[in-house]
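Right, one structure below, let's go through it.
The values are calculated or read from the model by the stated rules, or taken from the named source; none is laboratory data. From a predicted model like this one, the values you see are computed outputs, not experimental measurements. Counting neighbours? That spans all protein chains shown, and the Cβs are built from the backbone with ideal geometry, glycine included. Please note that ligands, DNA and RNA were not included when accessible areas were found on the heavy atoms of the full protein model with its side chains. Shrake-Rupley method; radii C 1.70, N 1.55, O 1.52, S 1.80 Å.
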Amino acid sequence: MLTIFNTIKEIALKIDHAIKTEDLGYSDSSNSSGEDQLKLDVKSDYIIEEAFKNVSIVKALVSEEKEGMLELHTDGKYTICYDPLDGSSLADVNLSVGSIFGIYEGELNGENLVASAYVVYGPRIELVVATKEGKPKHYRAQEGLFNLIGEITLGQKGKINAPGGTQQYWSAHHKRFVDALFMDGYRLRYSGGMVPDLHQILLKGGGIFSYPGTSDVPKGKLRQLFEVMPFALMYEQAGGQAIDENGMRLLDLAPSHLHDTTPCFFGSNYEMAALKALYRIKV
Ligand code: P6P
């Protein structure tokens with residue numbers, strides 16, 4: 001596993017350099033979710049694929065940017081599902097973006113997610129890694145080296161409310177929930193980049209990030225294997241919760257297709273209890 005985390009550190013430095021030096025324009029292709037691909041999406045995906053080709057314990061790769069699975073090493077142990085540059089459309093307005101990695105052993109489902117990692121490309125490059133043991137570990141790059149900053153414990157009750165999805169298509173009860181948090185003094189912190197938005201809640205005392213099913217996109221927008229479940233592991237290991245609109249743990253999901261999405265809620269215990277109450281989820 002250490003080899004995988006060290007490879008992710010090398011990847012992070014290369015993708016950060018690409019963000020700062022390469023063309024931010026659109027390529028002439030789109031990804032499996034029908035989203036237009038930036039040249040940076042394609043380049044980031046290439047950097048990751050090339051890096052893991054040299055890691056024999058990696059059996060296969062699943063990328064947000066590609067339809068199918070890429071077999072690498074027959075005797076490999078882990079399949080890595082990743083979003084190479086999440087929120088990439090924010091790069092051209094100089095907002096933070098990120099890479100997300102889910103490391104699975106066996107069938108691709110939440111139970112077999114043995115570790116996850118994400119990189120934030122912002123004023124600094126930051127890396128957070130989680131396994132099923134202990135708290136997530138937070139690193140910051142300094143002159144090409146990743147220094148351990150510490151372990152992450154999510155606050156029991158926070159002040160950040162990060163409500164995703166198109167508001168005009170929210171359900172009435174979701175709107176009631178979001179509005180109630182604001183009436184209770186929560187601060188709106190939502191950039192449209194899942195990685196910095198969830199990173200901020202982890203580091204700034206807690207709160208809740210929601211991307212619900214909506215009338216136009218009932219199954220939500222965020223992808224289970226390489227966005228939702230890696231962060232679900234992060235939040236649970238940090239002492240928080242990660243559930244869907246029925247109260248099911250996101251780590252109990254078993255996607256039937258590589259690009260399946262799910263409504264998702266990540267947050268501190270107080271806010272998640274409030275969500276369950278308003279959503280009438282039995283605890
Ligand atoms: P919306 C970025 O495109 C992304 O996949 C996540 O990073 C982010 O949380 C979400 O979509 C933002 O979606 O619909 O709020 O713009």
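Among the residues of segment 166-180, are any of a type outside the set (Gly, Ala, Ser), more than 10 Å from the ligand (Cβ to nearest atom), assigned to a loop (DSSP other than H, G, I, E, B) and touching a Phe, Trp or Tyr at 6+ places or on another chain (Cβ under 7 Å)?
For segment 166-180, residues of a type outside the set (Gly, Ala, Ser), more than 10 Å from the ligand (Cβ to nearest atom), assigned to a loop (DSSP other than H, G, I, E, B) and touching a Phe, Trp or Tyr at 6+ places or on another chain (Cβ under 7 Å): absent.
Tell me, which residue of segment 205-217 that is in contact with a helix residue (DSSP H, G or I) (Cβ under 7 Å, 6 or more places away or on another chain) and assigned to a loop (DSSP other than H, G, I, E, B) is farthest from ILE281 (Cα to Cα)?
The extreme case among them is ASP216.
How many residues are acidic (Asp, Glu), within 12 Å of the ligand (Cβ to nearest atom) and within 16 Å of ALA117 (Cβ to Cβ) if we restrict to segment 205-237?
Of the residues in segment 205-237, the ones acidic (Asp, Glu) are 216, 227, 236.
Among the residues that remain, those that are also within 12 Å of the ligand (Cβ to nearest atom) are: 216, 227.
From what's left, within 16 Å of ALA117 (Cβ to Cβ): 227.
Residues that pass the stated criteria total 1.
Let me confirm something: among VAL114, VAL97, which residue is within 16 Å of the ligand (Cβ to nearest atom) and under 18 Å from the mean Cα position of the chain (by Cα)? Working first, answer last.
Working: VAL114 fails: within 16 Å of the ligand (Cβ to nearest atom).
Just one listed residue meets the conditions, VAL97.
Can we say GLY240 is away from the ligand (no atom under 16 Å from the Cβ) and open to solvent by less than 40 Å² (accessible area, probe 1.4 Å)? It would help to see each step written out before you state the result.
Details: away from the ligand (no atom under 16 Å from the Cβ): yes; open to solvent by less than 40 Å² (accessible area, probe 1.4 Å): yes.
It is true that GLY240 is away from the ligand (no atom under 16 Å from the Cβ) and open to solvent by less than 40 Å² (accessible area, probe 1.4 Å).
Looking only at segment 37-92, which residues are free of Cβ contacts under 8 Å to residues at least 40 places away in the same chain, part of a loop (DSSP other than H, G, I, E, B) and of a type in the set (Gly, Ala, Ser)?
Once the filter is applied, which keeps residues that are free of Cβ contacts under 8 Å to residues at least 40 places away in the same chain, part of a loop (DSSP other than H, G, I, E, B) and of a type in the set (Gly, Ala, Ser), segment 37-92 yields SER56, GLY76.
Here's the yes/no breakdown for (1) buried (at least 19 other Cβ atoms within 10 Å of the Cβ); (2) within 20 Å of LYS221 (Cα to Cα):
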residue	(1), (2)
THR21	no, no
TYR26	no, no
GLU35	no, yes
LEU40	yes, no
SER44	yes, no
ILE57	no, no
THR74	no, no
CYS81	yes, yes
GLY98	yes, yes
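Give me a count of the residues in segment 186-204 that are open to solvent by 40 Å² or more (accessible area, probe 1.4 Å) and either more than 16 Å from the ligand (Cβ to nearest atom) or assigned to a helix (DSSP H, G or I) (or both).
Total meeting the criteria: 4.
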